[in-house]
Amino acid sequence: MPFVTPEELADVQLDYIIVGGGTSGLTLAARLTEDSNLDVLVVEAGIHHGPTPEIDIPGYMGRSIANPTFDWTFLSVPQKRANDRVVLQPRGKGLGGSSLNNFLGIFRPSKDEIDAIEELGNPGWNWDSLLYYLKKSEGLQLPDLSPTKALNYAAKPNPEYHGTDGPIKQSFSPVWADLHLKLFESAEALGIPRNPETGNGRNDGCMTSLVSVDATTAKRSYAASAYLEPNLHRKNLLVLTEAYVTKVLLESDGDLKRAVGIQYIKDGKPLRIDNVKRDVIVAGGTLQTPQILELSGIGNPSILSQFGIETIIDLPGVGENLQDHVGVTTVVEVDTTDETMDVLADAQFLKKHEELYQHQLGLFASVPAPAFVFLSADALGSPDDVQSWKEHAHAQNTEVLANAIPSLKSGLEKQYKIQQRLLSDKRQSQAELLQYAGRQPLPYVPAAEPGKRYTSLFCALTHPLSRGTVHIAAADALAPPAIDPNYFANGADLALAVRIVQYALRLFGTPPLARAVTRQVLPAPDVLARGEEGLREYVTQNCGPVFHPVGTAAMMPRADGGVVDPALKVYGTSNLRVVDCSIVPIELSCHTQSIAYAIGEKAADILKAEIART
């Protein structure tokens, strides 16, 4: 049994310690322990949830958010350009990390975005390499759709680009709604084509999302169920839960520092492990990896000194470069025969769909957000608008620490050069419209009227120019980090966000979708009457994250403010690595669980190759 106590670890000679049992961490642990000669310990602050309806049932999507059993429920610092609001920043709590509470859509970045990671100074991190690992992680399950239906719903993946026997099951939801089809038809009327295969490096247009659901059971397929639980029989896979890592232990190793173990707290007791033979790997995720590094003395000396922490490695990029998709929803009332999520308020419909779920059918077997429209910059504005947004892609136009630290500025300008190119490309997505089948349950959305049905379009900016930060707020590892998304620190982001909302409103007003719309709910008519000024206020009052943070331990050259090298080693160390989405230096136009699995898969092969050379 791999679940261990601190006492049971006393006599184990560990090869690897993985700090964080999340999406990438469990992927890495499963692949490393394929070699029975390697002893791997996963240290997780949360618990092993096991079978849990809030996690497993697709139609319960969102119920675990802000529930402290499943979510760290972090809050941002007040956002001065977003009405000084503190904004919820969800992160999965427990084995599986955010793969246990994400919204199940599993998308891929574009080829150009992945190749840009290599361009930023990371040989081997290109589309061809990552495609191999994206495929390795997945097990595609295709439904028996007629050719016409597959074409109409843009749901025809090419098996050439997908894996069939990987751990993470991918399928389509069993509900094929009329409003879903009307959305695509209206988008095509506005010049946005269907794209039935977005996993081949082109991810623009209208598409039906694959979801991380095992179609044979209608349950979530995630890191704990797919990478951990099938391997619990392995004696060399050890898991320590409810253990909070407080720092990585570092010793001198010539000109470098060597990670020899960790300090942690379990059941209120401070403990340590200092017998690691190979590597310590931090896999805490974009919002918690910087915290662990800074508590270990790795980061910007001016920040560490505020909390009495000695700087062991001067790396000012730690905790900088935070990026996330940001967005707001739009809602209309509709006249439709579709059974939207709203019908579940009726006891009769609720019972019906609970019974359907027993047969892997109905709303509970489905993800309520299956339809997406991805838009390039030219769909959102005129050539002059696009030029203006490109001109904003410079460090001096963004309130950010990079303007004061040359290495950070160098790396940011290189990112912005890529973003300028993406803005010019008519096949690169700058916006995501997510159709939610019903009234999207967000705090600012008015309550549904009994018997009414709704549809929502969530409007997200996929390549923000703003950059935020994550830093420690105390020397106490149990205190949450200070998370500053820095929304709209670059003025182009607000302009783009408003244009995305306007595009959603155009879709609602374009037949055939328009014929189903009976009332505008959000933004409210009085907001719309005030034009762009009203929409700017609506965005700043209600915007929030899309839960895809990246970049806070960026994989770039140290001279460009990077934190890890292409082998995922933290600069200044011989064996401390980071394996999670914090290494991704530039935001991607996809939902990030796909890349999190790929990072774990690729990291395992990097480590195995090093073992083979020794």
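The values are calculated or read from the model by the stated rules, or taken from the named source; none is laboratory data. The shown structure was predicted, so the numbers you read here are calculated from the model rather than taken from an experiment. Using ideal geometry, Cβ is built from the backbone for each residue, glycine included, and neighbour counts are taken over all protein chains shown.
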Among (1) in a loop (DSSP other than H, G, I, E, B); (2) touching a Gly at 6+ places or on another chain (Cβ under 7 Å); (3) closer than 19 Å to residue 40 by Cβ; (4) at pLDDT 95 or above, residue 275 falls short only on (4)
- Might you let me know whether segment 206-225 holds any residue that is part of a strand (DSSP E or B), in contact with a Lys or Arg (Cβ under 6 Å, 6 or more places away or on another chain), modelled with pLDDT of 95 or more and under 30 Å from residue 380 (Cα atoms)? yes
With criteria (1) assigned to a helix (DSSP H, G or I); (2) over 24 Å from the mean Cα position of the chain (by Cα); (3) not acidic (Asp, Glu), residue 291 comes up short on (2)
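Taking segment 262-293 as the search range and keeping residues that are charged (D, E, K, R) and buried (at least 18 other Cβ atoms within 10 Å of the Cβ), which one is nearest to residue 577 (Cα to Cα)?
Checking each candidate, the answer is 279.
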Expected output for segment 503-520 (first residue over 19 Å from residue 178 (Cβ atoms) and surrounded by 13 or more Cβ atoms within 10 Å (Cβ to Cβ), partner charged (D, E, K, R) and at pLDDT 95 or above, Cβ below 9 Å, 6+ apart or cross-chain) is 520/333
Open item on the list: Being farther than 30 Å from residue 436 by Cα, in contact (Cβ under 8 Å) with a residue 12 or more places away in the chain, out of contact with any strand residue (DSSP E or B) (no Cβ under 9 Å at 6 or more places or on another chain) and not aliphatic (A, V, I, L, M) is the requirement here; does residue 35 meet it?
Closed with: yes
Practice task
For residue 169, state whether it is within 19 Å of the chain's Cα centre (by Cα), among the charged types (D, E, K, R) and closer than 30 Å to residue 35 by Cβ.
Solution key: yes
The lone condition residue 337 fails out of (1) of a type in the set (Ser, Thr, Tyr); (2) more than 30 Å from residue 528 (Cα to Cα); (3) surrounded by fewer than 14 Cβ atoms within 10 Å (Cβ to Cβ) is (2)
Pairs returned, first residue in segment 476-487 that is touching a residue at least 40 places away in the same chain (Cβ under 8 Å), second residue that is surrounded by fewer than 24 Cβ atoms within 10 Å (Cβ to Cβ) and of a type in the set (Phe, Trp, Tyr), beta-carbon separation under 7 angstrom, 6 or more apart or interchain, are 477/244; 478/244; 480/74; 483/74
Those residues of segment 153-162 which are part of a helix (DSSP H, G or I) and in contact with a strand residue (DSSP E or B) (Cβ under 8 Å, 6 or more places away or on another chain) amount to 159
Requiring at least 1 residues that are crowded, with 20+ Cβ neighbours inside 10 Å, among the hydroxyl-bearing types (Ser, Thr, Tyr) and under 21 Å from the mean Cα position of the chain (by Cα), the helices (runs of 4 or more DSSP H) wholly within segment 1-82 are 23-32
Taking first residues from segment 562-579 that are within 20 Å of residue 322 (Cβ to Cβ) and second residues anywhere that are hydroxyl-bearing (Ser, Thr, Tyr), the pairs with Cβ under 6 Å that are 6 or more apart or on different chains are 578/289; 579/24
query = Based on what the data block shows, is residue 186 more than 25 Å from residue 515 (Cα to Cα) and not in a loop (DSSP other than H, G, I, E, B)?
reply = no
task = Answer with yes or no whether residue 101 is in contact (Cβ under 8 Å) with a residue 12 or more places away in the chain, within 25 Å of residue 208 (Cα to Cα), of a type outside the set (A, V, I, L, M, F, W, C) and in contact with a strand residue (DSSP E or B) (Cβ under 9 Å, 6 or more places away or on another chain).
result = yes
From the option list 160, 113, single residue qualifying as under 20 Å from residue 597 (Cα atoms), within 17 Å of the chain's Cα centre (by Cα) and of a type outside the set (Lys, Arg) is 113
